[in-house]
Every structure is written in structure tokens, then in C-alpha cells.
Amino acid sequence: MTIKYIDQIDLKSKKVLIRVDFNVPYDSSMNITDDTRIKATLPTIKKCLESNSKVILVSHLGRPKGKAVAEMSLKPAAENLSGHLGKEVQFITDQIGSSDLKTKIDSLKDADVVLLENIRFYPEEEKNDDEFGKKLASLADVYLNDAFATAHRGHASNDAITRYVPVCAAGYLLKDEIEYFNKAMKNPERPLGAIIGGAKVSSKLDALKNMITKVDFLIIGGGMAFTFMKANGLKVGKSLLEEDLVDTAKQIMKDASSRNVEILLPTDIVCAAEFKNESPSTIVAADSMPDDQMGLDVGPDSIRIFSEKIKSAKTIVWNGPMGAFEMSNFADGTNKIAELLAESDCLSIVGGGDSVTAVNQAGVADKISYISTGGGAFLELIEGKDLPGFVALDK
């Protein structure tokens, strides 16, 4: 796949439409509570401003289902970005395709910045409507995609638009996502390991199948580990179990073994009688799970073994928590993985909401080689899928 990057194109005084990801959380008063995604786009926006580009920003927020929803307006994002840039970001609500919008865009001066209203207020966006893509394209000389978190969606603002803008490229954020993923999965320094967690095997099945063709070892934690433990003949008590995938888990382990890929499962479990933070917990060996208990985290012996493996690796990809991370009393395993990666000398790449939250809460984000901004998009990459947003830029 050959994708042009922002540094390879002429931006000088061009009208540059940038697909950004300002899908940030608001509180009940529409105050932004975490502007990480807005800050992540600053390098691309600032590069355009240095080139005296006229910057047109397009983003979605939430799932308004093709209708204008006041609580999902991007106006707070425009105000937030204005603060980061130290200059006004004009917020424009004119309809895409209207003469009023075209007039405003055509009258922009060099280094002006505008943010259009939520692109998902238009039903044509998620339908990847070709005509809608053409209307978006009519606003710009150059198109930059800097929204990795939506790259797995074939929508008008990252696919149809690319058919009509003469110059298309990836912004700095998207460039980093592509290059770090390639370092990890296409040309890795070995040993290459993956840590895959989360609740269900079914949600990570394609990722697991793809990973065992790439990695030297695979650590499996979270609720999905119990399906693998059951496949190994162990009792799992009341733990989360996908009975219909036990045979699939057996096959994955068999395929991994045939490729000399080591799969590491928890050796001890933090368990409790109920899925509640205040439920009293005990630590048991993985082969001694009581019938009336459920596993909610990996235990200290598991972390010790995982630690040795992580220390041996040159490259690690992590997606998904080791336990019921949303409950503080069962978050230790996930937090310890974050700390181990931070202490490691390996190239560490972290993606997925809970994993990213863990490295932030542990205060070690600055010690992780790369933290992906996309949850679903990151997962689809490690599943081996081609992302529509990438394919569109490759045209």
C-alpha cells in the first residue's frame, strides 16, 4: 500500500480539508472533559497554518443517526481548538452543498481555520454517498485524513471524498499510526509478542487467528482466558465462558503450537462470588477454581510469568484488559501490565480503550512507545483487515 504523507505534498495557500477526530466526551453542560483527540491533530493543523493553508476541519461526534442533535454539536470543539491554536476557529453550520457555505469557504484568507458542524448530522455521511463526497470535495484543493479512529469506516468524509479531491494524503497522526503498526506487525524486531485481553473470545477471534501467524508469543487475559482454560480441561466456576468457542480455542492453540508460537494463559486467578467491586476476593491457582466463584483478574504468579516474557521481547502489541478493569479492586493485573511495558526496553504499542486508560492511570503513558488513538480501527488492523480509510488514500 502506497500512501502519500503530508510532508510530500504542496500545501502553500491551498484550501485543505482535514478529516479529524473530535469525537470527544462532553459533560451534561457540554464542557469537554478530555480533549486528547483534539490535541492529537495539532501537528497536522499547525503544519497547514505554517504553509498559509486555508484549513477546513470535518469531524463527527457521537451517533446522531443522520439528524441534527443539539447535544452533539461540535461548537465546544471549535472553542477548545481556538485555545490550543491561539487564534479563532470559525464554527460554520451552513449546509454542505449550499451556496452560503461555498461563499464562506471561498472567502477564507490564508491561515484561517474553520470547523464544520458534525458530519454525522447528514445521513449521506455513513452511507458513503458519492454525491455527498463530491460536495465535500468541492470545498478543497487538498484532502488530509488525520482521523485514524474512523479509518475502519467507509464513510463519505474518508472514502467518497477522495474520488474528487485532486491531492489526498495522510496527516501526521495517521502517518504515525501506519508507521508504528508497520514496525510492529510487518517488519518487527523480534521476539514479537502480543497481549490480548477483554471479555470475549468472539470479539477478538479474528485478531487471535491473525496474531498467531505473526508473533513469537501470545499472552491471553481477561474474560476470554476462561474459554481457553476450559479448552485445556480446567474448571472455570462461574467465570465468563463462551462454551460454543471452546473447540475454536483448542484449534487456535493447536495452530499456534504448529507454528512454534507460545500461548501464555493465567496461572492464578483473582476470583469472587459476585461481579461487584466490593465482593470479597481470593487468589486461587488456575486449576483450582471453585464452582461458586468467578475469575475477575489475573493473579500475582501470572504477572510474574508474563513479566519474564515481556522482558524478553523486542516488540509488544497490547489490546484489552487483563480483568474486570472497570472495578478498582480487580484492575491490578491490567495496571501491572501497563507498568511492565513502561519498564521494558521493547517497542511497545498500545491500543484499545481500557488499555489506553490503564497506561494513563498508571502515569506511564510517556514511557509507552506509541499509544493508538483508535479502538475499533486498531483492532481491525491487528485482525489483518484493510481499513477503508487507508485504501481510499491508496487510490
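The values are calculated or read from the model by the stated rules, or taken from the named source; none is laboratory data. What you see is a predicted model, and the numbers here were worked out from it, not measured in a lab. Because the Cβ atoms are built from the backbone with ideal geometry, glycine has one as well, and the counts that use them run over all protein chains shown. To get the accessible areas, we keep the full protein, side chains included, count just its heavy atoms, and leave off ligands, DNA and RNA. Shrake-Rupley method; radii C 1.70, N 1.55, O 1.52, S 1.80 Å.
Values as computed for the structure displayed
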item	result
Selected residue [in contact with a helix residue (DSSP H, G or I) (Cβ under 8 Å, 6 or more places away or on another chain), closer than 25 Å to LYS235 by Cα, among the acidic types (Asp, Glu) and in a loop (DSSP other than H, G, I, E, B)] from GLU274, GLU278	GLU278
Filter pass, LYS200 being touching a strand residue (DSSP E or B) at 6+ places or on another chain (Cβ under 8 Å) and among the basic types (Lys, Arg)	no
Matching option when the condition is open to solvent by less than 30 Å² (accessible area, probe 1.4 Å), of a type outside the set (Ser, Thr, Tyr) and under 22 Å from LYS200 (Cβ atoms), among ASP268, ASP247	ASP268
Subset tally (residues that are assigned to a helix (DSSP H, G or I), crowded, with 22+ Cβ neighbours inside 10 Å and β-branched (Val, Ile, Thr)) for region 300-315	2
Boolean, ALA140 is assigned to a loop (DSSP other than H, G, I, E, B) and crowded, with 21+ Cβ neighbours inside 10 Å	yes
Residue match in region 294-314 (condition: closer than 30 Å to GLN8 by Cβ and among the polar types (S, T, N, Q))	no
Region 91-111, subset farther than 17 Å from GLU50 by Cα and in a loop (DSSP other than H, G, I, E, B), residue most open to solvent (accessible area, probe 1.4 Å)	GLN95
Restricting region 112-136 to residues that are in contact (Cβ under 8 Å) with a residue 40 or more places away in the chain and open to solvent by less than 10 Å² (accessible area, probe 1.4 Å), the residue that is nearest to LEU11 (Cα to Cα)	VAL113
Residue that is over 27 Å from the mean Cα position of the chain (by Cα) and either free of Cβ contacts under 8 Å to residues at least 12 places away in the same chain or outside any helix (DSSP H, G or I) (or both), where the choices are ASP297, ASP291	ASP291
Count of residues meeting criterion [assigned to a helix (DSSP H, G or I) and surrounded by 20 or more Cβ atoms within 10 Å (Cβ to Cβ)] in region 224-238	6
Residue under evaluation GLY363, criteria (1) open to solvent by 30 Å² or more (accessible area, probe 1.4 Å); (2) modelled with pLDDT of 95 or more; (3) part of a loop (DSSP other than H, G, I, E, B), criterion not met	(2)
Within region 327-359, tally of residues that are closer than 21 Å to ILE382 by Cβ, part of a helix (DSSP H, G or I) and not hydrophobic (A, V, I, L, M, F, W, C)	6
Residue list for region 6-24, restricted to those being under 26 Å from GLU117 (Cα atoms) and open to solvent by 40 Å² or more (accessible area, probe 1.4 Å)	LYS12, SER13, LYS14, ASN23
Residue count, region 164-223 (criterion: part of a helix (DSSP H, G or I), small (Gly, Ala, Ser) and either surrounded by fewer than 22 Cβ atoms within 10 Å (Cβ to Cβ) or in contact with a His (Cβ under 8 Å, 6 or more places away or on another chain) (or both))	2
Answer from ILE283, ILE252 - the residue that is under 22 Å from ILE195 (Cα atoms) and outside any helix (DSSP H, G or I)	ILE283
Failed criterion for GLU88 (all others in (1) part of a loop (DSSP other than H, G, I, E, B); (2) closer than 30 Å to GLY384 by Cα hold)	(2)
In region 11-31, the residues that are under 28 Å from LEU108 (Cα atoms), out of contact with any Ser or Thr (no Cβ under 6 Å at 6 or more places or on another chain) and assigned to a strand (DSSP E or B)	LYS15, LEU17, ILE18
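Residue-by-condition table, conditions (1) at pLDDT below 90; (2) of a type in the set (Lys, Arg); (3) buried (at least 18 other Cβ atoms within 10 Å of the Cβ):
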{"residue": "LYS336", "(1), (2), (3)": "no, yes, yes"}
{"residue": "ASP345", "(1), (2), (3)": "no, no, no"}
{"residue": "GLY353", "(1), (2), (3)": "yes, no, no"}
{"residue": "GLY374", "(1), (2), (3)": "yes, no, yes"}
{"residue": "PHE378", "(1), (2), (3)": "yes, no, yes"}
{"residue": "GLU383", "(1), (2), (3)": "yes, no, no"}
